Amino acid sequence: MGVLINLLPDFKQAKQRESRRRQLAVAASFAVWVVCGVVVLLMFLYSAGQGVRITVLNRQIQENTKSLEGTQGLMDALNAQQHLASLGSLYSNRILFTKFFEAYVAASPTDVTIDAITVNDQNVLVVTGNAKNFAAVAKLQRAMSRGNKTGINKDVPTSGYFSSVNIPTANNSGNKGITFMINASVSQEVLSGN
């Protein structure tokens, strides 16, 4: 059996342990400091790169803007393109609007002015406008209700062009007369152009 002899006193061993702990803490602190420094450096480089990129893109935008401003007739071409884009929907609704204006003419257009005509996604025609009096609004509603319901003409749907024609709002607006809204369901045959 061997005997172990402790040549270093406990005090010296404790001092060495404390020294190793300090060295480990300093090394860990230095590693954290280096990592933080690298992160800050990377963030600075990213921020500087973004600033340079923004400057380059702003310069390109200004150059392209000057180039477009120098193009003659650009606004006219854009307006024409927008009008051409709406031409398809107008063409597909040509029968609908023709039949509405036939009813409008039958209802005395001198008493009624139309502000807007729209067809929503439930195939409901919405007409807004002004009239001299309530009788003129009712006359337009009746003209739309009567419009071509006989079905004698093979091009006319037998159910009529407009159904469920009603006046949800008609208000006296003083000097303008009556402001009104007329809703009417539109025949699917009319919308499909058959």
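List of remarks:
- Of the residues screened, residue 6 is one that is of a type in the set (S, T, N, Q) and either more than 30 Å from residue 187 (Cα to Cα) or at pLDDT 95 or above (or both).
- Identity of the residue in region 97-126, assigned to a loop (DSSP other than H, G, I, E, B) and of a type in the set (Gly, Ala, Ser), that ends up modelled with the lowest pLDDT: 108
- Residue in region 97-113 that is in the same structural domain as residue 183 (by TED's automatic domain parsing), at positive phi and not hydrophobic (A, V, I, L, M, F, W, C) present: yes
The rows are residues; the columns are (1) at pLDDT below 75; (2) farther than 24 Å from residue 122 by Cβ.
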residue: 149; (1), (2): yes, no
residue: 153; (1), (2): yes, yes
residue: 157; (1), (2): yes, no
residue: 164; (1), (2): no, no
residue: 172; (1), (2): no, yes
residue: 183; (1), (2): no, no
residue: 193; (1), (2): yes, no
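The values are calculated or read from the model by the stated rules, or taken from the named source; none is laboratory data. Note that the structure is predicted; figures quoted are calculated from it, not measured. Note: ideal-geometry Cβ built from the backbone for every residue, glycine included; neighbour counts use all protein chains shown.
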